[in-house]
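These notes concern the structure reproduced below.
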Amino acid sequence: MENSRRDFLRRTCALVAGVSVSPFAVNGTTDAETEQAIKYAIIHDETKCIGCNACVEACRETNHVPEGVTRLSIEKTGPYGEYPNQYYHFTRHSCEHCEDAPCVNVCPTGAAYIDKQTGIVSVHADKCVGCQYCLLACPYEARFINPVTKAADKCDFCQKTNLKQGKQPACVE
Ligand code: SF4
Ligand code: SF4
Ligand code: SF4
C-alpha cells in the first residue's frame, strides 16, 4: 500500500477510533435532526490487521454465536509481491449497517429494523419467521439463520451484550 494511503488511514482511524461506539452529531442541526444524524461506526484498519482472528472469537464468545455460523470473519488474500517481500491482505466481513438497509426493507414482519438512536441494524428474534428474505436481500451476505434460535442473525454491534454494559463491541475490545 502506498505511504500516502497508509497515512490517510492512520489519521482517519485516530480520529474515529475514539468515538467508534459514540454518536456522531452534525453541528448546527436541531435536536430532531441531530438524532437522525447519529450513526455508530466501526473502523477496521487493514494496515494493522495480522489476521489473528481474536475479534472473531471474541464476537462468538460474547454473543453466544454457535459453531458453523459467524457474525464476523477475517478474509485473507495473497500472497502479494515477490519473495522474500511477500505480504497478505486481511479484510473484515460482517454487516455494514446500511443506512437504507435492503434486509429491513424486505422483512414482512418488522423483525429486521434500524435502531433510530444508534443507526444499528438489528433483529427482533421473536418477530422473525425465518423466511430468509433478508438473507437473499443482503448484498454482503452478512446474515444467516441462527441454528439455535431459528431466527435471522448477524452483527448487531453487540447491542444486546457489550453496548448494554457500556463497553466497546467485543471485536473492538
Ligand atoms: S445485513 Fe446486509 S443489507 Fe442488512 S444492514 Fe447488514 S449489510 Fe446491509
Ligand atoms: S428471516 Fe426474519 S428477519 Fe429476515 S426477512 Fe424473514 S422475518 Fe424478517
Ligand atoms: S460489533 Fe459485536 S456483533 Fe458485530 S462483529 Fe463486532 S463483536 Fe460481533
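If contacts are Cα pairs under 8 angstrom and at least 6 residues apart, what is the relative contact order of the range 83-158 in percent?
Working: 108 pairs, mean separation 22.2, N = 76.
The normalised contact order for the range 83-158 reaches 29 percent.
Between the DSSP loop rule and a limit of at most 10 other Cβ atoms within 10 Å, which GluC sites (Glu not before Pro) in the range 75-112 are left? Walk me through the numbers on the way to the answer.
Numbers: sites: Glu75, Glu82, Glu96, Glu99; in loops: Glu82, Glu96, Glu99.
Answer in residue order: Glu82, Glu99.
Each reported figure results from applying straightforward, stated rules to the coordinates on display, with no laboratory input. Everything numeric here is computed off the predicted structure, so don't read it as measured data. Cβ atoms come from the backbone with ideal geometry, glycine included; neighbour counts cover every protein chain shown.
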